[in-house]
Amino acid sequence: MCTCPSMKPGMMFTGWKVESGSVTLADSTSSTTTFTMPNEDVVIRGISRFVYGITVMGGTADRNLAPSGQTVTITAGEPPEGKVFDCWEIHLGGKGVTLADPYSATTTFEMPRNEIVIRAMWKDQEEDGTVFFLVGIKRYSRFDDITGMGAPGKRMERPGAVEQIACLRRIQVYFH
């Protein structure tokens, strides 16, 4: 049986590597694993990586620490009264980070080589069903019809429109 020794602060056990010997580990990613000892020498090395902190304001992450390169899933919490989820905003450590869908209440990103702080952003939802969308920089011609391009709580999309860059400008959309 192999048991991972305690890790130094800032490190996380990520698995075992068989360096010599013909053995198959029962679970190469568990901190404790077993194998059948052959009639030869065996060398098994524990693998660890630096980990970084994840803070999600207004939601949760599927883990509090992650090594760089690992996929992290974040989920928005319950919105305040009269609000609906709008988008995610990276407050700290987001250089080079791309959210899979910054307008989805649940999304993923690849962990950078530093701590990260992400915040769920909320928008007002009026009683009559009117939703205030925070939209990014888009080019609309005066001929574009932006009514009915989305649904309450969903990101507006328009085929052929310039990609949204950030939550910057408010427009009001009515659904009929």
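The values are calculated or read from the model by the stated rules, or taken from the named source; none is laboratory data. Not measured: the values here are computed from a predicted model. Counting neighbours? That spans all protein chains shown, and the Cβs are built from the backbone with ideal geometry, glycine included.
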Within segment 47-58, track down each residue that is under 20 Å from Thr108 (Cβ atoms) and either loosely packed, with under 12 Cβ neighbours inside 10 Å or without any contact (Cβ under 8 Å) to a residue 60 or more places away in the chain (or both).
Arg49, Val51
Those residues that are β-branched (Val, Ile, Thr), in a loop (DSSP other than H, G, I, E, B) and more than 16 Å from Ala66 (Cβ to Cβ), I need them from segment 9-41; list them, please.
Val23, Thr24, Thr34, Thr36
Within segment 73-90, is there a residue that is surrounded by 13 or more Cβ atoms within 10 Å (Cβ to Cβ), at pLDDT 50 or above and not in a strand (DSSP E or B)?
yes
Reported set for segment 48-72 where residues are touching a Leu at 6+ places or on another chain (Cβ under 8 Å) and either modelled with pLDDT under 90 or outside any strand (DSSP E or B) (or both) is Val51
Answer yes or no as to whether Glu89 is within 30 Å of Trp122 (Cβ to Cβ) and over 15 Å from the mean Cα position of the chain (by Cα).
no
Please determine, by comparing only the residues of segment 91-107 that are hydroxyl-bearing (Ser, Thr, Tyr) and crowded, with 16+ Cβ neighbours inside 10 Å, which one is nearest to Met12 (Cα to Cα).
Thr107
Single residue of Ile44, Ile74 found to be over 23 Å from the mean Cα position of the chain (by Cα) and in contact (Cβ under 8 Å) with a residue 40 or more places away in the chain:
Ile44
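A quick yes/no check of all residues on (1) under 30 Å from Met121 (Cα atoms); (2) in contact with a Lys or Arg (Cβ under 8 Å, 6 or more places away or on another chain):
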residue	(1), (2)
Lys17	no, yes
Asp27	no, no
Ser30	no, no
Phe35	no, no
Val42	no, no
Arg49	no, no
Tyr52	yes, yes
Ala61	yes, no
